[in-house]
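Before any comments, here is the structure.
The values are calculated or read from the model by the stated rules, or taken from the named source; none is laboratory data. Small disclaimer: the values here were computed from a predicted structure and weren't measured. Reconstructed Cβ throughout: ideal geometry from the backbone, glycine too, with neighbour counts over all protein chains shown.
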Amino acid sequence: MSESVSELPIPPLGPSGVVREDIGREDILRGLDRRFVLEARRKKRPLRLLWLLTGPGVLVMLGENDGPSMVSYATTGATYGIGFFVPFILLTFLMAFAVQEMTVRLGAATQRGHAELIFQRFGPFWGYFAMGDLVFGNLLTLVTEFIAIQAGGLYFGIPPWLSVALGAVLVIASLALRRYATWERALMTLAVFNLLFIPAAFFAHPDGAALLHATMRWGPISGGVTAGFVTLCLANIGATVTPWMIFFQQSAVVDKGLTTADIAEGRLDTALGAVLAAIAAIATVAAASPLFAHHVDISHFASGADFATGLKPYLGTAGASLFALGILEAGLVAAATISTSSAYAFGETLHTRHSLNLDFAQGKWFYGAVILSTAIAALVVLIPGAPLLALTLTVNVIATLLMAPALFFLLLLVNDREIMGDHANTWRANLAGGTIIALIAIVGALYGVITVFPGLLGT
């Protein structure tokens with residue numbers, strides 16, 4: 001599909017040839033970035049084009065491989081090994097791709113963030129409800145990202161207050177870049193370190209044939225279907241499919257300036273992110289599987305640092321250090337993306353300017369939301385005696401339970417032909433989305449039943 005200059009978000013000129021005053025800095029920077037995209041498309045350089053448009057999908061997928069997610073995967077590997085949950089995790093990433101692909105189309109077709117669209121299409125009540133739901137879930141998740149940062153630091157002997165403070169400073173300092181494209185590339189560079197779990201897994205000397213076999217078919221459930229098994233299922237779903245991903249990627253697509261001409265590249269970006277994140281997730285399960293093989297009791301583990309320490313006899317110092325660094329990176333990247341997701345939703349719902357291309361004076365509410373949420377989460381982590389591992393796993397469960405209404409709004413919007421036109425959902429996309437909602441609702445209902453009737457299943 002060709003793209004004309006008229007399709008580019010380049011600021012129009014007033015009658016005198018001067019840029020109109022109502023055109024913001026973010027529009028100018030976005031328009032300048034789009035010229036490189038137009039040039040790459042005109043010269044038929046697909047790899048250059050993909051490189052320019054890659055970002056939101058890779059970031060959202062690797063960002064969702066956050067602190068609680070990696071701890072969930074480690075808990076899975078330590079509790080069940082590599083059998084049942086490896087294909088289950090692959091399935092969850094297929095679910096994540098299906099959801100985020102709809103998000104790409106929605107953002108490119110409407111040029112509106114998710115919270116803004118809900119507010120415009122369904123009214124203020126549902127707009128504020130969606131923002132409140134997101135901010136509540138995001139704040140809880142943000143707390144667990146600083147738990148991960150603290151845990152990674154603890155393994156290397158860094159005092160908790162110092163690692164948490166440094167993490168908060170880095171997240172806030174990234175805002176000083178004041179350009180979406182630069183912020184995105186800086187965060188993508190950091191996100192690459194999520195792949196540290198891959199060499200960590202090699203130190204566990206996994207059986208390659210057994211791992212390949214596990215990816216191809218469902219293995220037995222060690223110990224049967226218990227309350228703990230259902231909780232881990234929910235935690236693993238929440239480790240890959242969460243509401244903040246929808247809000248962040250749609251707003252990032254808009255902030256980056258993607259148009260309907262870029263939807264194909266947006267899909268590839270999202271698919272690449274899903275593949276990389278899935279590999280890192282399965283590597284984490286494999287890295288923690290020696291704890292399962294040696295029947296190590298992880299019930300007393302309080303954080304990701306305990307996993308790294310517990311794995312040291314089996315992975316060695318180098319492998320355990322890579323595991324701890326991976327936990328630290330996961331927390332940092334997610335803290336930046338999740339706090340930004342909240343700020344986007346805050347600005348869209350309250351109709352204030354919201355872009356990483358803004359000056360601080362122009363985007364004081366947007367940047368203020370990032371700074372405030374980051375500071376609150378960092379302070380909560382330092383409360384003495386907090387049940388860190390339990391909180392980390394519980395947050396993923398909560399994220400899963402909040403996902404069904406978020407998906408319902410998404411499906412309504414991508415089926416709205418008034419705003420989507422030819423990019424509205426096909427019946428296949430609706431089938432995939434409806435199946436995901438049903439699966440999450442069923443697992444969530446089962447979790448509710450075993451919570452009310454704890455004796456129904458084993459512990």
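Residue check: is residue 395 farther than 27 Å from residue 124 by Cβ and buried (at least 24 other Cβ atoms within 10 Å of the Cβ)?
Here the answer is yes, as residue 395 does meet what is asked.
Out of 356, 325, I need the residue that is touching a helix residue (DSSP H, G or I) at 6+ places or on another chain (Cβ under 7 Å) and buried (at least 24 other Cβ atoms within 10 Å of the Cβ). Which one?
356
Just to verify a result, which residue in the stretch 414-459, among those that are in a loop (DSSP other than H, G, I, E, B) and of a type in the set (A, V, I, L, M), is modelled with the lowest pLDDT?
Filtering the stretch 414-459 for residues that are in a loop (DSSP other than H, G, I, E, B) and of a type in the set (A, V, I, L, M), the one modelled with the lowest pLDDT comes out as 457.
Yes/no per residue for (1) touching a residue at least 60 places away in the same chain (Cβ under 8 Å); (2) at positive phi; (3) surrounded by fewer than 24 Cβ atoms within 10 Å (Cβ to Cβ):
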{"position": "49", "(1), (2), (3)": "yes, no, yes"}
{"position": "70", "(1), (2), (3)": "yes, no, no"}
{"position": "78", "(1), (2), (3)": "yes, no, no"}
{"position": "97", "(1), (2), (3)": "yes, no, yes"}
{"position": "111", "(1), (2), (3)": "yes, yes, yes"}
{"position": "124", "(1), (2), (3)": "no, no, yes"}
{"position": "144", "(1), (2), (3)": "yes, no, no"}
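Name the residue, out of 293, 318, 261, 286, that is within 26 Å of residue 93 (Cβ to Cβ), more than 21 Å from the chain's Cα centre (by Cα) and surrounded by fewer than 24 Cβ atoms within 10 Å (Cβ to Cβ).
Among 293, 318, 261, 286, only 293 is within 26 Å of residue 93 (Cβ to Cβ), more than 21 Å from the chain's Cα centre (by Cα) and surrounded by fewer than 24 Cβ atoms within 10 Å (Cβ to Cβ).
Considering each residue of the stretch 199-214, count those that are modelled with pLDDT of 90 or more and surrounded by fewer than 18 Cβ atoms within 10 Å (Cβ to Cβ), and give that number.
So the count comes out to 2.
Restricting to helices (runs of 4 or more DSSP H) lying wholly in the stretch 1-80: which have 1 or more residues that are modelled with pLDDT under 80 and touching a helix residue (DSSP H, G or I) at 6+ places or on another chain (Cβ under 6 Å)?
The helices (runs of 4 or more DSSP H) meeting that bar are 25-42.
Which one of 195, 187 is farther than 14 Å from residue 337 by Cα and among the hydrophobic types (A, V, I, L, M, F, W, C)?
After applying the criteria, what remains is 195.
Would you confirm whether any residue within the stretch 113-121 is touching a residue at least 60 places away in the same chain (Cβ under 8 Å), farther than 18 Å from residue 401 by Cα and surrounded by fewer than 21 Cβ atoms within 10 Å (Cβ to Cβ)?
Within the stretch 113-121, one or more residues are touching a residue at least 60 places away in the same chain (Cβ under 8 Å), farther than 18 Å from residue 401 by Cα and surrounded by fewer than 21 Cβ atoms within 10 Å (Cβ to Cβ).
Return yes or no: is residue 103 of a type in the set (S, T, N, Q) and farther than 29 Å from residue 431 by Cα?
Answer is no for this residue.
Looking only at the stretch 379-388, decide whether some residue is part of a helix (DSSP H, G or I) and at pLDDT below 80.
yes
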